[in-house]
């Protein structure tokens, strides 16, 4: 109690003692870096073709997802939202899975990196399983311990019968990865251009450390029609 009384008197009187000052608290530990792989469905009808096909009466002309996705990925500003030294990669799939942006500094993963509708014009197919396999392998080789896979597509593979068990196997194989699927289904048109099935959205998302991905979901759903 005498020590506490002495300390109170020193504070009240503005005095000081010859005791050394207490050490400053250590700086907070920065969050660990993240390895993020975005897998995007890149067939023409999904990405869009309204910038390439000028005839508004052409039934093969679609607004698609690309322009809205580019806006939202730019707005995410991942280089400032994710921890320092985070890595990013973009894989696009249609008839085959291809690395569009190799695993590297997260600053490379921008809206502009998605390209334009011309880059996807006349592309077909949906090699979803191949794309997930590729992304999982790439993430496994990335240095950061936190690995996140975001899949943006319509949820289909060219061969859905074999895709379902294959994806289930991959889910078990890559159980250490954090996986999120953003499923966006645009309107289905018949050969005359008439919409026979309206646009629908199915969003499957669990808790994610990258909270800003919610804005990406909002952009895909609300800004592409």
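Rule-based calculations on the coordinates, nothing more; no lab input. Keep in mind that this is a model prediction, so the values were computed, not measured. Here the Cβ is made from the backbone with ideal geometry for all residues, glycine too, and neighbour counts use every protein chain on show.
So the values come out like this:
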read-out	value
Computed lengthening from residue 99 to residue 29, 0.36 nm per intervening residue step minus Cα-Cα distance	21.9 nm
Ranked by how many other beta carbons lie within 10 Å on average, peptides 116-127, 132-143, 64-75 from highest	64-75, 132-143, 116-127
Simple label model, 7 Å out from Cα along Cβ direction - residue 75 to residue 176, nm	3.6 nm
Segments 91-100, 160-169 sorted - mean Cβ within 10 Å per residue, highest first	91-100, 160-169
Order of 112, 89, 44 under a 10 Å beta carbon neighbour criterion, fewest first	112, 44, 89
Per-residue Cβ neighbour rank within 10 angstrom, fewest leading, 103, 40	103, 40
In range of the label at residue 159: residues from the range 120-140 whose backbone nitrogen is under 18 Å from the point 7 Å along Cα→Cβ	124-134
